[in-house]
Amino acid sequence: MLLWLLSSSLESESGFADVQNWLAAPLVKVVVWGILAGLLYHLIAGVKHLAMDMGIGETLEGAKTGAKLVVVISVIAIVLAGVWLW
């Protein structure tokens with residue numbers, strides 16, 4: 001959906017206006033926010049896994065701390081994405 005919106009907005013001025021009209025609808029905003037939430041969580045968890053591949057946070061305590069950080073940072077990023085959308 002995000003790629004379709006981007007493609008449509010870049011095709012022409014009327015396509016851009018159509019995307020603006022679509023994004024004005026609350027249901028579309030909620031769907032886009034949900035997609036962004038999943039992408040943001042996946043990105044942040046992936047960074048944690050890359051850090052673990054480098055040997056950071058491989059202990060049980062480090063893994064617990066890393067998991068908590070992923071959730072906290074993800075919530076902050078998801079809320080900021082919601083503020084940006086609205």
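Read-outs: derived from the displayed coordinates by stated rules, not from any lab. What you are looking at is a predicted structure, and each value in this text was computed from that prediction instead of being measured. Please note: Cβ atoms are built from the backbone with ideal geometry, for glycine as well, and neighbour counts cover all protein chains shown.
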So, relative contact order of the range 26-85 in percent, Cα under 8 Å, 6 or more apart, is 51
Rough spin-label spacing in nm, given labels placed 7 Å along Cα→Cβ, for M52 and L10: 3.4
Helix 26-53 sits off the longest principal axis of the Cα atoms of the chain, rounded to the nearest 10 on a 0 to 90 degree scale, by 30
What FRET efficiency would be calculated for the residue pair I35, A63, taking the C-beta separation as r and a Förster radius of 41 Å, to the nearest 0.05? 0.90
Which value in deg cm²/dmol, rounded to the nearest 500, describes the helix-derived mean residue ellipticity at 222 nm for the chain, given -39,500 (n - 2.57) per DSSP H run of n ≥ 4 and division by the residue count? -29500 deg cm²/dmol
So how do K64, K29 line up by other beta-carbon neighbours within 10 Å, fewest first? K64, K29
Ordered by residue, what ³J(HN,Hα) values in Hz, to whole numbers, does the range 77-86 give under the Karplus form 6.51 cos²θ - 1.76 cosθ + 1.60, where θ = phi - 60° and Gly and Pro are x? 5, 5, 5, 5, 5, x, 5, 5, 5, 9
What's the Cα-based Rg to Rh of the chain, Rh via Kirkwood? 1.17
Quick one: if the Förster radius is 30 Å, what FRET efficiency do Q20 and A45 give, using the C-beta to C-beta distance and rounding to 0.05? 0.40
